[in-house]
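> Let me give you the structure first, and then I'll get to my questions.
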Amino acid sequence: GAGVSQSPSNKVTEKGKDVELRCDPISGHTALYWYRQSLGQGLEFLIYFQGNSAPDKSGLPSDRFSAERTGGSVSTLTIQRTQQEDSAVYLCASSLAEGYNSPLHFGNGTRLTVT
Amino acid sequence: SQQGEEDPQALSIQEGENATMNCSYKTSINNLQWYRQNSGRGLVHLILIRSNEREKHSGRLRVTLDTSKKSSSLLITASRAADTASYFCATTGNQFYFGTGTSLTVIP
């Protein structure tokens, strides 16, 4: 399978618990993005990784959110002390190269429900 | 916000008809891309139009770009039930900026 893979596909957690969401980008893709999509809404940018450069964290909504990308491949988005407003679909996307002429390839997302 | 805004929010047509969706944005762009999202899935790239292009075709898709009006349109000709999905425009400046999408329903 050559697509972007995200796990888990669904996650239900209790308010206050920490969660980790995983993204396996397409092999060889140097750029990786995390987005959040609330019901019926557009995509909210969270964070962007490009190669070995410092990530663009400008979209992270609070210090409860963090992400890392190990070895330039797999990425993990961590949400600490989850709140009900964190409930959304978290989408990961990768692209072949830096710059915006390379289309994004999306995974199917992780649907997070905070009860 | 640099975010694109799609119009209409929802569109329902009969199979075989054409569907037109519009996207407006606020700042200068490098290019504009259209994506499709089926329910419960991620977005799939459809077509990219560069800022110096005015029109582009791909199969049953036709995209236009008017940088003076900061707008783009996506036309799907001879629609099929399988075209039912949400369609998003993404403008690229320093980042990818997605709109809230147009929900298209094609009735068989």
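> Filter the GluC sites (Glu not before Pro) in chain B down to the DSSP loop ones having no more than 10 other Cβ atoms within 10 Å, then list what survives.
Numbers: sites: B:Glu5, B:Glu6, B:Glu15, B:Glu17, B:Glu53, B:Glu55; in loops: B:Glu15, B:Glu17, B:Glu53.
Sites meeting the loop and neighbour criteria: none at all.
> P(r) for the protein assembly as shown: what percent of alpha-carbon pairs falls in each 5 Å bin, starting at zero?
Result, from short to long distances: 1, 7, 15, 18, 18, 16, 12, 7, 3, 1, 0 percent.
> With all protein chains present, calculate the accessible area of A:Val114 using a 1.4 Å probe and round the result to the nearest 10 Å².
Taking all protein chains as shown, A:Val114 has close to 10 Å².
> Also, I was wondering about something else. Just checking the output field for B:36-44: average partner chain Cβ neighbours within 10 Å of each residue's Cβ?
Mean number of neighbouring Cβ atoms from other chains: 5.
> Quick one: with all protein chains in place, what share of the accessible area of chain B is carbon or sulfur, to the nearest percent (1.4 Å probe)?
Ligands and nucleic acids excluded, carbon and sulfur give 45 percent.
> Given a Förster radius of 41 Å and the C-beta distance between A:Arg22 and B:Asn22 as r, what FRET efficiency does 1/(1 + (r/R0)^6) yield to the nearest 0.05?
0.65
> What do you get for Rg/Rh over the stretch B:1-86 if you use C-alpha atoms and the Kirkwood form of Rh?
Expressed as Rg/Rh, it is 0.95.
> Additional query: Rounded to whole Hz and in sequence order, give me ³J(HN,Hα) for the stretch A:108-114 from the Karplus expression 6.51 cos²θ - 1.76 cosθ + 1.60, θ = phi - 60°, writing x for Gly and Pro.
The phi angles translate into 7, x, 10, 8, 9, 10, 9 Hz.
> Tell me the per residue accessible area of chain B using a 1.4 Å probe; a whole number in Å² is fine.
46
> Further question: Please compute the length gained on full extension between B:Arg80 and B:Ser39, using 0.36 nm multiplied by the number of residues separating them and subtracting their Cα-Cα distance.
13.1 nm
> Counting only other chains, what is the mean number of Cβ atoms within 10 angstrom of the Cβ of each residue in peptide A:37-44?
Per-residue shielding by partner chains comes out at 5.
> Compute the accessible area per residue over the stretch A:49-115, keeping the other protein chains in place, probe 1.4 Å, unit Å².
Values: 3120 Å² over 67 residues.
For the stretch A:49-115, the solvent-accessible area averages 47 Å² per residue.
> Hey, got a sec? Which trypsin sites (Lys or Arg not before Pro) in the stretch B:5-99 land in a DSSP loop and have at most 16 other Cβ atoms within 10 Å?
B:Lys26, B:Arg41, B:Arg54, B:Arg60, B:Lys69, B:Arg80
> Give the residues of the stretch A:41-57 whose amide nitrogen is closer than 12 Å to a point set 7 Å from the Cα of B:Gln9 in the direction of its Cβ.
Within reach of a label on B:Gln9, which here means backbone N under 12 Å from a point 7 Å along Cα→Cβ, the stretch A:41-57 contributes A:41-42.
> Could you tell me the total accessible area buried at the B-A interface, probe 1.4 Å, in square angstrom to the nearest hundred?
Using a 1.4 Å probe on protein heavy atoms, the buried area is about 1600 Å².
> Taking beta carbons within 10 Å but only from partner chains, what does the mean come to for residues A:100-111?
Average neighbour count from other chains, rounded to a whole number: 6.
> Rounded to two decimals, what ratio of Rg to Rh does chain A give with C-alpha atoms and a Kirkwood Rh?
When Rh is taken as the Kirkwood radius, the ratio is 0.95.
> Rounded to the nearest percent, how much of the accessible area of chain A (1.4 Å probe, protein heavy atoms only) is carbon and sulfur?
Roughly 44 percent of what the probe reaches on chain A is carbon or sulfur.
> Right, next: Select from B:Ser58, B:Ser24, B:Ser71 the residue whose mean-square fluctuation is largest in a Gaussian network model of chain B (Cα-Cα springs shorter than 10 Å).
Comparing B:Ser58, B:Ser24, B:Ser71 in a Gaussian network model of chain B, the most mobile one is B:Ser58.
> Quick one: what are the phi-derived ³J(HN,Hα) couplings along the stretch A:31-43, Karplus 6.51/-1.76/1.60 with θ = phi - 60°, whole Hz, x for glycine and proline?
With the stated coefficients, the stretch A:31-43 comes to 9, 9, 10, 10, 10, 10, 10, 8, 3, x, 10, x, 9 Hz.
> Only loop residues by DSSP count here, and only those with at most 16 other Cβ atoms within 10 Å; note down the trypsin sites (Lys or Arg not before Pro) in the stretch A:49-100 that meet that.
A:Lys57, A:Arg64, A:Arg81
The values are calculated or read from the model by the stated rules, or taken from the named source; none is laboratory data. If you're wondering where the values come from, they're calculated on a predicted model, not measured in any experiment. For neighbour counting, all protein chains shown are included, and Cβ atoms are generated from backbone atoms with ideal geometry for every residue, glycine included. Just so you know, the surface numbers come from the protein's heavy atoms only, side chains and all, with ligands and any DNA or RNA stripped out. Shrake-Rupley method; radii C 1.70, N 1.55, O 1.52, S 1.80 Å.
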